[in-house]
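The values are calculated or read from the model by the stated rules, or taken from the named source; none is laboratory data. Predicted, not measured: the structure shown is a model, and the values here were computed from it. Cβ: placed from backbone, ideal geometry, glycine included. Neighbour counts: every protein chain shown. The area values use the complete protein model at the heavy-atom level, side chains included, leaving out ligands, DNA and RNA. Shrake-Rupley method; radii C 1.70, N 1.55, O 1.52, S 1.80 Å.
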Amino acid sequence: MSPLRRGVAGLALVALLLLSACAAQQGSVVLLPERGGKSTALVVSQGSQQVSLAEPYAAVHLTSGGPQGYRSNAEEVQASFAAALAAQPLPPTQFTLYFVEGKDEFTDASKRTLDGILAAIAERPVPDLLVIGHTDRVGTDAYNDTLSRQRAEVVRNALLARGIAQDKVVAIGRGKREPIVPTADGAAEARNRRVEIQVR
């Protein structure tokens with residue numbers, strides 16, 4: 001190779017190294033596995049450039065030269081993002097309690113599980129709770145609206161008695177509008193006589 005060609009090649013290498021140094025990393029995005037194994041995807045945009053992340057641990061470095069895709073792994077994520085992972089809230093969850101027909105009284109099985117459910121809720125630092133009362137399809141709309149609200153209030157009061165802040169618990173009644181088990185109007189169905197506690 002002639003001295004001139006070697007000089008040009010050397011300048012090209014220096015230019016490439018300078019460009020790489022100029023493309024300073026500004027952050028990273030990693031697509032984590034979805035809880036429950038569901039598929040997920042994400043498009044990361046930086047300026048006019050985009051990178052699609054479509055499988056767990058697909059990742060991108062955001063640099064001054066644009067996004068640069070790469071493959072991460074569980075160990076790297078833990079090492080790089082341990083503080084952020086530890087600060088994540090627990091995932092939303094739901095509990096269901098069942099009631100005696102025509103009453104705002106728990107079934108025996110729900111009485112036995114109530115304390116465990118309430119203890120699980122109390123473990124969350126700042127729970128946000130929606131308590132939704134339901135009935136079966138026996139009785140009028142007005143009767144079931146009242147009964148479903150009474151059932152929700154029974155659960156709400158149990159939560160408040162265990163120290164959950166009043167402003168963190170909303171109780172509503174849905175009457176017979178949202179049965180778990182579809183039935184004819186007037187049909188008794190134990191699984192529809194319930195209160196759902198949605199915890200966020």
Is it the case that some residue within region 135-150 is modelled with pLDDT under 85 and either of a type in the set (Ser, Thr, Tyr) or surrounded by fewer than 12 Cβ atoms within 10 Å (Cβ to Cβ) (or both)?
-> no
Any hit, region 103-115, residues being more than 25 Å from residue 37 (Cα to Cα), of a type in the set (S, T, N, Q) and touching a His at 6+ places or on another chain (Cβ under 8 Å) = no
Give, as residue ranges, the strands (runs of 3 or more DSSP E) completely inside region 24-104 that count at least 1 residues that are exposed (fewer than 15 other Cβ atoms within 10 Å of the Cβ) and either of a type in the set (S, T, N, Q) or at pLDDT below 90 (or both).
-> 25-30, 42-46, 49-53, 66-71, 93-98
Some residue of region 151-159 being out of contact with any Phe, Trp or Tyr (no Cβ under 7 Å at 6 or more places or on another chain) and over 30 Å from residue 89 (Cβ atoms) | no
Flagged pairs (Cβ under 9 angstrom, 6 or more apart or on separate chains; first in region 157-179, in the same structural domain as residue 115 (by TED's automatic domain parsing); second polar (S, T, N, Q) and part of a loop (DSSP other than H, G, I, E, B)) are 173/135; 174/135; 175/135; 176/135; 179/135
If we scan region 162-172, do we find a residue that is surrounded by fewer than 18 Cβ atoms within 10 Å (Cβ to Cβ), outside any strand (DSSP E or B), hydrophobic (A, V, I, L, M, F, W, C) and in contact with a Phe, Trp or Tyr (Cβ under 8 Å, 6 or more places away or on another chain)?
-> no
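Within the bounds of region 174-191, is there any residue that is in a strand (DSSP E or B) and surrounded by 15 or more Cβ atoms within 10 Å (Cβ to Cβ)?
no
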Inter-residue pairs, beta-carbon under 7 Å, first free of Cβ contacts under 8 Å to residues at least 40 places away in the same chain and in the same structural domain as residue 133 (by TED's automatic domain parsing) and in region 87-109, second of a type in the set (Asp, Glu) and not in a strand (DSSP E or B), 6+ apart = none
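What number of residues within region 105-134 satisfy the criterion of being in a strand (DSSP E or B), within 19 Å of residue 170 (Cα to Cα), of a type in the set (A, V, I, L, M, F, W, C) and open to solvent by less than 30 Å² (accessible area, probe 1.4 Å)?
Going through region 105-134 one residue at a time, the tally reaches 3.
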